[in-house]
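What follows is one structure encoded as structure tokens, with my remarks underneath.
The values are calculated or read from the model by the stated rules, or taken from the named source; none is laboratory data. This one's a predicted model, so the numbers in the text were calculated from it and none came from an experiment. Don't worry about glycine lacking a Cβ; one is built from the backbone with ideal geometry, like all the others, and counts go over all protein chains shown.
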Amino acid sequence: MSMFRLFSSSRPEPATAPIARERLQILLAHERGMRGQQPDLLLLLREEILAAVSRHVALDPDKVIVRMERGKDISTLEVDVELPNGFERSLAAAS
Amino acid sequence: MAKVLVVTSGKGGVGKTTSTAAIGAALAQNGKKVAVVDFDVGLRNLDLVLGAERRVVFDLINVVQGVAKLPQALIRDKRLENLWLLPASQTRDKEALTEEGVGRVIADMRNNFDFILCDSPAGIERGAMLAMRYADEAIIVTNPEVSSVRDSDRIIGMLDSKTVKAEKGEQVEKHILITRYDPARAARGEMIGIDDILEILATPLLGIIPESQDVLRASNVGSPVTLNSPASAPARAYADATKRLLGETLPMLVPAEPKGLMKLFARRAA
């Protein structure tokens, strides 16, 4: 394998280090939450999303849902923010 | 007053014992009076790496239980008069190590040494807990590899919650020591980057020790790499890390890949 590598450097394999980094960041965010020493990632995300949207639109805090799906290959973060009707008008009024 | 350092990692085989021996010897070479303490009850190896395996009479458990006095159990290094080893027990039950007993021995040693280095066993069980329990500072040995980084994160969590310092509302000062760093793999993008590790673990870097045959050769002959081949890349990296522990500011050198012809040989050998 190493001899092979020596002569086939024109076709490098894709770098795997960035994948390692991504996987670790997601995993450790989860595990730190489980340990209870760091705030739960989802709770933190929910709070910050709520704060960011609330600066522009008045909304019901209960209508902000942040969910994480853990899959075998990938995990997804689902953010569901329900906005009240006529929020565009209140935005226009605010600006 | 002595400083108590724990050398820990969570994961096994990352280089805790090698690093304890190398840094312990380097501290002694810097004129400090140093004791290295093996906490790996049942699987002791620090004695072997230091070449003192045939001189062990009493051990940590003997001292904890009062069977032997501390000066009887401490083994003075034959090369460095400032370096002492307190070996672990190879046979006794690890339950014999009590928190209170370890506390007494460490407190006793604090009066007689500048540095006490506690070589932690792998894992997060009792032995690892006791090794870190009385630490003022921690060296977290991490390999640039996902499982090692994850375990280091876990250990950092324990250092921040289960040590005497943490329980008093103080902080154990933490340092990351990256070992078995392979420049060739780093250049190919196969190894998680140092910046990434430090960002993920949010802990400052003490040093980067390159993967090297010199480390293996040193342990073969029972001599810390900082003594056995002081001019080698890993020995210089350990010496620099030790100076940083002593408060010096040194530039952090990232081990580079050998160039040209050297590279060809290095790859072939790998």
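Brief remarks on what is shown
- So B:I194, is it surrounded by fewer than 20 Cβ atoms within 10 Å (Cβ to Cβ), within 14 Å of chain A (Cβ to nearest Cβ) and β-branched (V, I, T): yes
- Of all residues in the range B:54-95 being of a type in the set (G, A, S) and without any contact (Cβ under 8 Å) to a residue 40 or more places away in the chain, the one that is farthest from B:A21 (Cα to Cα): B:G66
- Test: B:L50 is aliphatic (A, V, I, L, M) and surrounded by fewer than 17 Cβ atoms within 10 Å (Cβ to Cβ): no
- Test result for B:G31, out of contact with any strand residue (DSSP E or B) (no Cβ under 9 Å at 6 or more places or on another chain) and at pLDDT 95 or above: yes
- For the range B:149-166, a residue qualifies if it is within 13 Å of B:A135 (Cα to Cα), hydroxyl-bearing (S, T, Y) and more than 9 Å from chain A (Cβ to nearest Cβ), and exactly one does: B:T163.
For (1) modelled with pLDDT under 95; (2) outside any loop (DSSP other than H, G, I, E, B); (3) within 14 Å of chain A (Cβ to nearest Cβ), each residue gets a yes or a no:
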position: B:P234; (1), (2), (3): no, yes, no
position: B:Y238; (1), (2), (3): no, yes, no
position: B:L253; (1), (2), (3): yes, no, no
position: B:K263; (1), (2), (3): yes, yes, yes
position: B:R267; (1), (2), (3): yes, yes, yes
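- Residue ID - nearest to the chain's Cα centre (by Cα), chosen from residues in the range B:159-199 that are of a type in the set (A, V, I, L, M, F, W, C) and under 21 Å from B:I23 (Cβ atoms): B:L177
- Listed by first and then second residue, the pairs linking a residue in the range B:1-20 that is free of Cβ contacts under 8 Å to residues at least 60 places away in the same chain to a residue that is outside any strand (DSSP E or B) and of a type outside the set (V, I, T), with Cβ atoms under 8 Å apart and 6 or more places separating them unless they lie on different chains, form an empty list.
- Residue within the range A:5-16 that is at pLDDT 85 or above and more than 7 Å from chain B (Cβ to nearest Cβ) present: no
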